Amino acid sequence: MGKIIAISNHKGGVGKTTSAINIGAGLALKGKKVLLVDIDPQANMSQSLNIVDHNPNIYGALKGMYGLEAVKIQKNLYLVPAAGELGGAEIELSAEAGREFLLKELIENQAEKYDYVLIDCPPSLGLLTINAFTAAHEIFIPMQAQYLALQGIGKLLGLVEKIKKRLNPELEITGIFITQFDRRKVLNRYVMDTLESHFGEKVFKTRIRNNVALAEAPNAGCDIFTYQQSSNGAFDYGQLTKEILKRR
Ligand SMILES: Nc1ncnc2c1ncn2[C@@H]1O[C@H](COP(=O)(O)OP(=O)(O)OP(=O)(O)O)[C@@H](O)[C@H]1O
Ligand SMILES: [Mg+2]
């Protein structure tokens, strides 16, 4: 069975979606079969890969209308897209029996077909994120190197502890990494040092630098390796992918 990894941080705009797409594409280029699952009602991951308002999607699957059906993006890379209706899912599913396990059930049926399943979480800690944490083996947390970035993390760690205790004992935070890194800023280095002293080995050595190509690629509807192989963004996500593979 493939590794199921939720990419989460309830802080918005920290690089969750960018990381899910480009780690996924990086792993796919290394010959791993990857399933991306978009459970963010903003559907940014789906839009960034040019899959817009697609049916079937994760909303219908969570509602029990059909199973998990993936779209092929490129060699080794597949996507279960989100659609706008997902915005209502948290409320619609809140009275459902076993509502925390809906995604786990859907993914379990599929996970043996893939080496990695990467779940792009919304910037909140509601039922969709709880579903991702219940389904996942591991959590990756992308962070910006800002003072407030660290302040918010306690809430996320608290939720992970609760999910571990009540719903998914094997869940672990295994990867924390800095995105939009600017080495000229002193604070960036301070945050990196603080992270390493708190989380030790869990912090990836690779830092994803600020790179305009990473922000442009979604407009072109593709990952950074397809968009601009020579960019710092492609280099950094390539390094991060290597680090992820080396840990296995
Ligand atoms: N390393 C980077 N360099 C430059 N721009 C980046 C980088 N990483 C992400 N961005 C841009 O920053 C914005 C936020 O990134 P992204 O959408 O990946 O964050 P997110 O955590 O998924 O956001 P949300 O919380 O809304 O889901 C996007 O416009 C993205 O293109
Ligand atoms: Mg996002």
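Values quoted throughout were computed directly from the atomic coordinates according to the rules given, and no laboratory measurement underlies them. Please read all numbers here as calculations on a predicted model, not as lab measurements. Positions of Cβ are generated from backbone atoms using ideal geometry, with glycine treated the same way; all protein chains shown enter the neighbour counts.
Points to keep in mind about this one:
- Student exercise, the chain dipole from Lys, Arg, Asp, Glu Cβ charges, in Debye to nearest 20: 940
- Pairs of alpha carbons in the chain whose separation is greater than 23 Å (percent): 46
- Out-of-range pairs (alpha-carbon distance over 18 Å; input 165/205; 11/32; 72/104; 16/75; 202/242; 3/242): 165/205; 11/32; 72/104; 16/75
- Highest mean packing comes first when the peptides 34-40, 217-223 are listed by Cβ atoms within 10 Å, giving 34-40, 217-223.
- The order of the peptides 228-240, 123-135, 182-194 by mean Cβ neighbours within 10 Å, most packed first, is 123-135, 228-240, 182-194.
- Across all Cα atoms of the stretch 155-221, the radius of gyration (one decimal) and Dmax (whole number) stand at 15.7, 43 Å.
- Selected from 208, 80, 111, residue furthest toward positive end of dipole (the chain; charges at beta carbon): 208
- For the stretch 1-91, the set of chymotrypsin sites (Phe, Trp or Tyr not before Pro) satisfying both a DSSP loop assignment and a count of at most 14 other C-beta atoms within 10 Å is given as 66.
- In percent, rounded to a whole number, the relative contact order of the chain is 26, using alpha-carbon pairs under 8 Å and six or more apart.
- Estimated 222 nm signal from helices in the chain, with DSSP H stretches of n ≥ 4 weighted -39500 (n - 2.57), rounded to 500: -12000 deg cm²/dmol
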